[in-house]
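> Just dropping this structure here.
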Amino acid sequence: MIGSIINGHEIASDNILEVKNPYNQEVVAEIALASKKELDYAVENSFETFHATMKQMPAHDRSDILRKTADLMEERVEEFAEIVVQEAGKPITSSRAEVERAIQVLRFASEEAKHISGEVIPMDAAMNGEGRLGLVKRIPLGVVAAITPFNFPLNLSLHKIAPAIAAGNTVLFKPAEKTPVSAYKLTKLFQEAGLPDGVLNLVMGTGKEVGEPLVQHDKIHKVSFTGSLPVGRSIRESAGFKKVTLELGSNSPNLIFDDADIDQAVESLVKGAFAFSGQVCISAQRIYVQSEVYDQFLEKYIEKTKALKVGDPSKEDTDVGPMINEKEAERAKTWIDDAAENGATIETGGEQDGTILTPTIMTNVDRNMKVIAEEVFAPIVSVIPFDEEEEAVKFANDSIYGLQAGVFTKDLDRALRVADKLETGGVWINEISTYRQDNIPYGGVKQSGMGREGVKYAVEDMTELKFIGMKLKT
Ligand SMILES: NC(=O)c1ccc[n+]([C@@H]2O[C@H](COP(=O)([O-])OP(=O)(O)OC[C@H]3O[C@@H](n4cnc5c(N)ncnc54)[C@H](O)[C@@H]3O)[C@@H](O)[C@H]2O)c1
Ligand SMILES: O=C[C@H](O)CS(=O)(=O)O
């Protein structure tokens, strides 16, 4: 049994949640869920620790702890990767890649802790012998609530925890109840690296019982949330005056022009649509292909997709594992069937058995179908023809979301022109929408969210500017 960790101590409970392996339904762990009283205690403790400990901790100490945590994780890549396989059902090769990225996030944050600086505002001396000097400092906010999703349980948690610590805040960490084991291991790792008790408090619980009261708590200064649009919307509405960062969903477009390297686009978009069964917020969901190369692209894309190995995520050669639970797989299957009943063609895939949904390519889709208009968050991709550049941009922007997009062309002028016109937080040229490096500014426009992550940018969002001015005799 594992549970919340508050002020360095583990909290027991009779309220137990079983975490099951999405592939074989074996019990991975039993989680002791926190009560409202324990949540209140955790927030109070985070608040006190901010004032008593964190405000006094020099930047080089925060940097050392983050680096030490990275070093420890580097020694245990396999251990962490196996947890992600078991609790999230992510294929082992992708789980290892997630751990490697998590280590880099810690290292970026360790460096960033030492580079937080302010500025001096020059103020010209007045004629009467008086002058003024302005100082702008970046100061920590206080307690940051980190609320995280199941799909990258390590890396996306660290995208909040590591910059928050680098900036000198304390953290109240509420991980997804579907993937709490990696969160527990991560919190223990920080302890081992020397993080003082109370700087990172882990509170286990559901969104309703822990997430909601956490967002409304008076002693939380910022809510950093990654997850779905409906939850993000409710957080925005109930957070009051707290700072809020929302990293939400999308139905990412990828545009293939007739001069693109089709083989490269096919190869990368197979990964881009089906990695972790499409349960990636920037997964390639809509692929728009110029008519001249549409048939060529589609034929190759279907062939490569059919070759994917679907099954046990713990096996080295598995490309596509299960979805997070059967309910989600059934929901996605319903969306495929609805589209097919309304005229769409299932080119390959579309079969569901328990948590497994086979990689699915659809054509002849319509803009109103759920597989196009909403976030599928499943191994489903649609391939759609277009004739002119303007039309492709119009199709791509026809969405309530705007997180990342991919543009494939050899024409640099066109690539940059299209990139400027796409309504997304980020655009990749000759790279899939699904690619992210952990030091880029990352976040959405429209209903994909607000604020930016990517360590340096998260640190900006997790600090406040403070002005100090002085009147001087010159
Ligand atoms: N933009 C990004 O960076 C990004 C990254 C990963 C995932 N996502 C999105 O996350 C979603 C999938 O993850 P999920 O199913 O874990 O999301 P989710 O919204 O169901 O849950 C995310 C977290 O919010 C908590 N929560 C639920 N209800 C809450 C409430 N009312 N108040 C406070 N907290 C609450 C959950 O317990 C969990 O910890 C997808 O929509 C995906 O696109 C976005
Ligand atoms: O699911 C969305 C994530 O932001 C993807 S990644 O971990 O940033 O690559």
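The values are calculated or read from the model by the stated rules, or taken from the named source; none is laboratory data. Everything numeric here is computed off the predicted structure, so don't read it as measured data. Cβ: placed from backbone, ideal geometry, glycine included. Neighbour counts: every protein chain shown. Accessible surface areas use protein heavy atoms only, side chains included; no ligands, DNA or RNA. Shrake-Rupley method; radii C 1.70, N 1.55, O 1.52, S 1.80 Å.
> Would you work out which of L133, L156, S117 lies farthest towards the positive end of the dipole of segment 101-192, given +1 charges on the beta-carbon of Lys and Arg and -1 on that of Asp and Glu, about the Cα centre?
Selected residue: L156.
> What order, most packed first, do the peptides 101-110, 78-87, 169-178, 131-140 have when packing is the mean number of other Cβ atoms within 10 Å of each residue?
Put in order of decreasing packing, that is 169-178, 101-110, 78-87, 131-140.
> Hey, what's the per residue convex hull volume over the C-alpha atoms of segment 165-279, in cubic angstrom?
172 Å³
> Still on this model: Sorted by accessible area (1.4 Å probe), largest first, how do K304, K271 line up?
Ranked list, largest accessible area first: K271, K304.
> Any idea what angle helix 36-52 forms with the longest principal axis of the chain, computed on alpha-carbon atoms, 0 to 90 degrees, nearest 10?
So the inclination is approximately 50 degrees.
> Additional query: For a 28 Å ceiling on Cα separation, which of these pairs sit above it: K327/K456; K178/K304; K242/K446?
Distance filter (> 28 Å) returns K327/K456; K178/K304.
> Shifting gears a bit: Using a simple charge model, +1 on the beta-carbon of Lys and Arg, -1 on the beta-carbon of Asp and Glu, nothing else, what dipole does the chain show about its Cα centre, in debye to the nearest 20?
2140 debye
> Return one whole number: the accessible area per residue of segment 171-251 in Å², for a 1.4 Å probe.
Accessible surface, normalised per residue, equals 35 Å².
> Which angle between 0 and 90 degrees, to the nearest 10, do you get for helix 229-238 versus the longest principal axis of the chain when only C-alpha atoms count?
It works out to around 30 degrees.
> Multiply the residue separation of L17 and S117 by 0.36 nm, subtract the distance between their alpha-carbon atoms, and state the gained length in nm to one decimal.
31.6 nm
> Continuing with the same structure: Of all DSSP beta bridges in the chain, what percent run antiparallel (nearest 5)?
45 percent
> Could you please report the charge total around G3, scoring K, R as +1 and D, E as -1 over all other residues with beta-carbon less than 10 angstrom from its beta-carbon?
-3
> How much solvent-accessible surface does K188 expose, in Å² to the nearest 10, with a 1.4 Å probe and all protein chains in place?
80 Å²
> Considering only protein heavy atoms and a 1.4 Å probe, what is the carbon-and-sulfur percentage of the accessible area of segment 1-151?
That fraction is 50 percent.
> If you don't mind, there's one more thing I want to ask. So what's the convex hull volume per residue for the Cα atoms of segment 253-443, in Å³?
114 Å³
> Where does the chain land at 222 nm, in deg cm²/dmol rounded to the nearest 500, when only DSSP H runs of n ≥ 4 count, each adding -39500 (n - 2.57), divided by all residues?
Value at 222 nm, helices only: -12000 deg cm²/dmol.
> Name the residue farthest towards the positive end of the dipole of the chain from the options T348, A332, V85, assuming +1 on Cβ of Lys and Arg, -1 on Cβ of Asp and Glu, about the Cα centre.
V85
> Calculate what fraction, in whole %, of the accessible area of segment 253-443 sits on carbon and sulfur atoms when a 1.4 Å probe is rolled over the protein chains.
The C+S portion of the solvent-accessible surface of segment 253-443 is 46 percent.
> When the expected Rg is taken as 2.2 N^0.38 Å, what fraction or multiple of it is the alpha-carbon Rg of the chain?
Computed over Cα atoms of the chain, the ratio equals 1.03.
> Where the only charges are on Cβ atoms (+1 Lys, Arg; -1 Asp, Glu), what is the dipole of segment 253-443 about its Cα centre, to the nearest 20 debye?
Dipole about the Cα centre, nearest 20: 480 debye.
> List the lysines whose Cα sits under 17 Å from the Cα of K68, skipping any in the same chain fewer than 8 residues away.
K114, K185, K188
> Once the convex hull of the C-alpha atoms of segment 376-456 is built, how many Å³ does it hold per residue, rounded to a whole number?
114 Å³
> Let me ask something else about it. If Lys and Arg each add +1 and Asp and Glu each add -1, what is the summed charge of the other residues whose beta carbon sits under 14 Å from the beta carbon of E87?
Residues close to E87 contribute a combined charge of -3.
> Right, something else. Taking only protein heavy atoms and a 1.4 Å probe, what accessible area per residue, in Å², does segment 253-443 have with all protein chains in place?
Solvent-accessible surface per residue comes out at 41 Å².
> Hey, got a sec? Which GluC sites (Glu not before Pro) in segment 6-51 land in a DSSP loop and have at most 11 other Cβ atoms within 10 Å?
Taking segment 6-51 and a limit of 11 other Cβ atoms within 10 Å, the loop GluC sites (Glu not before Pro) found are E26.
> How much solvent-accessible surface does H221 expose, in Å² to the nearest 10, with a 1.4 Å probe and all protein chains in place?
Counting only protein heavy atoms, H221 exposes about 60 Å² to solvent.
> Eigenvalues of the Cα gyration tensor times 5, then square-rooted: what semi-axes does that give for segment 269-358, in whole angstrom, largest first?
22, 17, 12
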